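Read the structure below first, then the notes.
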Amino acid sequence: MATITASHFVSHVCGGATSGESKVGLGQLALRSQAVTHNGLRPVNKIDMLQLRTSAKKPSKNGRKNEGGMAAGTIVCKQQGMNLVFVGCEVGPWCKTGGLGDVLGGLPPALAARGHRVMTVCPRYDQYKDAWDTCVVVELQVGDRIEPVRFFHSYKRGVDRVFVDHPMFLEKVWGKTGSMLYGPKAGKDYKDNQLRFSLLCQAALEAPRVLNLNSSKYFSGPYGEDVVFVANDWHTALLPCYLKTMYQSRGIYMNAKVAFCIHNIAYQGRFAFSDFSLLNLPDEYKGSFDFIDGYDKPVKGRKINWMKAGIREADRVFTVSPNYAKELVSCVSKGVELDNHIRDCGITGICNGMDTQEWNPATDKYLAVKYDITTVMQAKP
């Protein structure tokens with residue numbers, strides 16, 4: 001993942017000023033990759049300092065204030081870097097069906113290289129040989145059951161890779177292809193997907209508090225409660241809801257925020273409205289899920305929509321490119337019936353980068369003929 005993409009990600013998610021919002025010349029923008037001073041573990045450049053000064057002053061789109069006087073949705077980027085927790089159903093190279101796995105595989109190492117402490121949380125679909133049992137077990141309420149969940153861990157390229165171990169993930173997919181992550185075959189979902197991904201969201205909220213991780217030479221111990229969760233697509237849309245109802249209502253994670261990233265608006269997590277009770281959320285959240293469309297699947301009429309709830313309850317919403325952000329609010333068809341909610345809450349487009357270590361034609365083991373910039377014209381054909 002290109003460094004400039006990591007810089008843009010932190011700038012937008014932190015609420016820092018972009019080059020258009022602040023009067024920064026092109027000469028100053030070139031300093032993004034030039035460390036001019038150092039604070040603790042993280043190189044700090046002039047652009048970073050500008051963002052730090054402006055992020056706390058930037059008002060929210062809806063103008064709401066929290067008790068501390070800061071605009072609701074504001075995420076403050078501290079000089080020593082942030083604790084970032086990416087949550088998704090795919091993380092390359094362990095489990096990947098497309099772009100979502102690529103992003104969670106490549107962006108976290110780029111952010112770690114910039115001095116942030118970064119974790120990814122993903123289901124343990126298989127017996128990953130490089131992920132070890134942490135022996136940490138938590139009990140979570142899933143539907144009407146209490147389920148024990150175990151965490152596995154791998155540390156690579158500066159990132160804590162955490163895998164949620166439960167039979168709903170492992171026994172369904174173990175030893176099968178990546179197309180089995182969401183259902184027994186293409187186009188068919190597992191019947192308990194709501195319970196599976198509810199468990200994932202709850203486990204992701206526990207991981208920063210209960211895992212004592214010491215693989216990094218720069219960081220040690222639990223991540224704690226001062227974190228930014230980055231939820232990805234509808235499977236993780238319950239994160240902001242659970243954060244507010246299960247933790248912040250009890251005085252826990254009071255400084256934590258959730259940024260919700262839309263990778264593909266077409267998949268929204270639509271289910272029967274009666275299934276809302278499976279989520280163990282207060283009735284006051286029904287409005288964030290309530291959705292009516294003209295389709296008969298999975299049921300006719302009134303439904304719950306996970307992605308709608310993620311958009312409405314997250315602190316920030318963003319997507320994978322500026323053009324896609326414009327598309328999503330352009331009309332009903334492009335926003336797949338969520339365009340009004342996206343316009344209401346606001347969205348930021350951050351261009352997907354590329355992991356240049358993974359996608360390097362000079363070293364790619366899947367290429368029969370390797371090439372670089374000096375041999376591309378002869379070797380690529």
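Across segment 241-299, what fraction of all alpha-carbon pairs, as a whole percent, falls in each successive 5 Å bin from zero upward?
Spelled out bin by bin, segment 241-299 gives 4, 13, 21, 19, 21, 13, 5, 3, 0 percent.
For MET377 paired with LYS297, estimate the spin-label separation in nm (one decimal), with each label point 7 Å from Cα along the Cα-to-Cβ line.
4.9 nm
In Å², and per residue, what accessible area does segment 83-349 have when probed at 1.4 Å with the other protein chains present? All intermediate terms of the calculation are to be shown ahead of the outcome.
On the way: 10800 Å² over 267 residues.
Here the residues of segment 83-349 average 40 Å² of exposed surface.
Please give the peptides 95-104, 201-210, 246-255, 343-352 ranked by average Cβ packing (other Cβ atoms within 10 Å per residue), highest first, as a rough proxy for protection. Could you put the intermediate results ahead of the total?
Numbers: 95-104: 20.3, 201-210: 22.3, 246-255: 13.8, 343-352: 17.2.
The densest-packed peptide leads the list: 201-210, 95-104, 343-352, 246-255.
Kindly give Rg over Rh for segment 83-349, based on alpha-carbon atoms, with the Kirkwood expression for the hydrodynamic radius.
Rg/Rh: 0.94.
Once amide H atoms are built 1.01 Å from N in the peptide plane, which residues 5 or more positions from PHE86, or in another chain, come under 5 Å H to H?
Result for PHE86 returns MET119, THR120, VAL121, VAL230.
What residues qualify as long-range amide H neighbours of LEU367, i.e. H under 5 Å apart, gap of 5 or more or another chain, H built at 1.01 Å from N?
When sequence neighbours closer than 5 places are left aside, there are no close amide H contacts.
Let's test the formula: R0 of 22 Å, r as the Cβ-Cβ distance of SER321 and THR97. What FRET efficiency results, to the nearest 0.05?
0.65
Output needed for segment 145-241: three equivalent-ellipsoid semi-axes, defined as square roots of 5 times the C-alpha gyration tensor eigenvalues, in descending order, whole Å. List each step's numbers first, then the result.
Numbers: eigenvalues 138, 50, 32 Å².
Gyration-tensor ellipsoid for segment 145-241: 26, 16, 13 Å.
The values are calculated or read from the model by the stated rules, or taken from the named source; none is laboratory data. Quantities reported herein were computed from a predicted structural model and do not represent experimental measurements. Cβ atoms come from the backbone with ideal geometry, glycine included; neighbour counts cover every protein chain shown. All accessible areas refer to the heavy atoms of the entire protein, side chains included, with ligands and DNA or RNA removed. Shrake-Rupley method; radii C 1.70, N 1.55, O 1.52, S 1.80 Å.
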